[in-house]
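A.B. asks: Just dropping this structure here.
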Amino acid sequence: MAYEKFAYYYDSLMDESFYDDYYTFIKENAKYNSILELACGTGELAIRFSKDNKEIYATDISKDILEVARIKANHENVNLLLARIDMVDFKIDRPVDLVLCSCDSINYVLNTKDVTQVFKNAYQSLKYNGHFIFDVNSMHKMNVTLNNYVEHNEDEDFVFDWKVSSIGIGKVKHEIYIEDKIENEKVSETHIQQSYDVDKYVKLLNKAGFKDIELFSDFGKYKEECQRVIFVCKKGR
């Protein structure tokens, strides 16, 4: 499911330092001038790349979240190339140095056939020696941390409720409710995410053509009991 009205509140719930850490991680693990970002969200990383004089193509399936990215880019005086695409079904005319898919966006692709197709699309979009960097929620996070997770925040302006329930191995349902008392708006959305074992992702990456794969956890050394697994994949000849 694509983000809808929730897109306009997404940034208020995120820690900006997370994007700073991710941006630093990418710079340390890949060399690039041209970038294709899948599921760019509100454009936080894309804007950073653009300010660093990189050629960035920022894409997402959600028209609402792309509108937020456009507004933010204009506010930052950045000219982003934004496009609405489905990461499962796309081709680009000119290969790039880096394909990026961050913030557990791959977990919204709910079956291995489509995940494999995303990986194949990324592989075909890269120059030789180019990198594909993406992350997923770990199985530990999906099965333990998020199982029956509940969060509630309320003040005089805003109500936020987030409930997560397990609906299968590595699969969760997010139920999000927002009440904006200032704008007199209520937002309710449900999102499904699916994750798999690291070995499964490696097999799917191999099937797509990637052989050179490094694993990281939460921007550091890989360990099984983590929250986020980051894959750094290099396209060889």
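A.B. asks: Provide the net charge surrounding R84, with neighbours chosen by a C-beta distance below 9 Å and charges set as Lys +1, Arg +1, Asp -1, Glu -1. Walk me through the intermediate numbers first.
C.D. replies: Values: positive: K63; negative: D60, D86.
Within the 9 Å Cβ shell, the charges total -1.
A.B. asks: Go through segment 192-207 residue by residue and turn each phi into a ³J(HN,Hα) via Karplus (6.51, -1.76, 1.60, θ = phi - 60°); whole Hz please, and just put x for glycine and proline.
C.D. replies: Once rounded to whole Hz, the list reads 10, 10, 10, 10, 10, 4, 4, 4, 5, 4, 4, 4, 5, 5, 4, 4.
A.B. asks: Give me, ordered by chain and number, the residues 5 or more places off R228 or on other chains with an amide H under 5 Å from its own placed amide H.
C.D. replies: Amide H neighbours of R228, under 5 Å, 5+ apart: S138, D218.
A.B. asks: Tell me, which longest segment in the chain has none of the GluC sites (Glu not before Pro) that fall in DSSP loops with at most 16 further Cβ atoms within 10 Å?
C.D. replies: 77-155
A.B. asks: Ok, one more. Testing the spin-label approximation: label points 7 Å from Cα along Cα→Cβ at I92 and Y23. State their distance in nm.
C.D. replies: 1.9 nm
A.B. asks: Right, next: Would you kindly derive the ³J(HN,Hα) couplings of segment 213-220 from the backbone phi angles with the Karplus curve 6.51 cos²θ - 1.76 cosθ + 1.60 (θ = phi - 60°), listing them in order in whole Hz, with x for Gly and Pro?
C.D. replies: 10, 10, 10, 9, 10, 6, 6, x
A.B. asks: While we're on this one: Calculate, for E16 and N153, the FRET efficiency according to 1/(1 + (r/R0)^6) with r their C-beta to C-beta distance and R0 22 Å; round to the nearest 0.05.
C.D. replies: In this case the efficiency is close to 0.80.
A.B. asks: What residues qualify as long-range amide H neighbours of A39, i.e. H under 5 Å apart, gap of 5 or more or another chain, H built at 1.01 Å from N?
C.D. replies: Answer set, sorted by chain and number: T59, D60, I61.
A.B. asks: For the chain, modelled as a Gaussian network with Cα springs under 10 Å, which listed residue fluctuates most, D180, D212, D114?
C.D. replies: Sorting by GNM fluctuation, first place goes to D180.
A.B. asks: Please report the relative contact order for the chain, taking Cα pairs under 8 Å with a sequence separation of at least 6, and give it as a percent rounded to a whole number.
C.D. replies: Working: 490 pairs, mean separation 42.4, N = 237.
Once normalised by length, the contact order is 18 percent.
A.B. asks: OK, next. Assuming R0 = 35 Å, can you tell me the calculated FRET efficiency for the pair L215 and D52, based on Cβ-Cβ distance, to the nearest 0.05? Write out the running numbers ahead of the final one.
C.D. replies: Working: r = 26 Å, r/R0 = 0.74.
Between L215 and D52 the formula returns 0.85.
A.B. asks: Can you compute the charge dipole magnitude of the chain about its Cα centre, using +1 on each Lys and Arg Cβ and -1 on each Asp and Glu Cβ, nothing else charged? Give it in debye, rounded to the nearest 20. Please report the intermediate quantities before stating the final value.
C.D. replies: On the way: 31 positive and 41 negative charges, 358 e Å.
Rounded to the nearest 20 debye, it is 1720 debye.
A.B. asks: So which lysines pass the test for K63, namely a Cα distance under 16 Å, with those fewer than 8 places away in the same chain ruled out?
C.D. replies: Cross-link targets: K5, K72.
A.B. asks: Provide the gained length on full extension for the span I71 to D199, in nm with one decimal, where the gain is 0.36 nm per separating residue minus the Cα-Cα distance. Each step should come with its number before you reach the end.
C.D. replies: Details: separation 128, 0.36 × 128 = 46.08 nm, distance 3.94 nm.
Using 0.36 nm per residue and subtracting the Cα-Cα distance, I get 42.1 nm.
A.B. asks: Tell me, what ³J(HN,Hα) does each residue in segment 160-167 have, in order and in whole Hz, if you take phi through Karplus 6.51 cos²θ - 1.76 cosθ + 1.60 with θ = phi - 60° and put x for Gly and Pro?
C.D. replies: 3J(HN,Hα) across segment 160-167, in whole Hz: 9, 10, 9, 10, 10, 10, 7, 10.
Bear in mind that the values in this text are calculations on the coordinates, not laboratory data. Predicted model only: the values in this text are computed from it and were never measured. Positions of Cβ are backbone-derived with ideal geometry, glycine not excepted, and every protein chain shown enters the neighbour counts.
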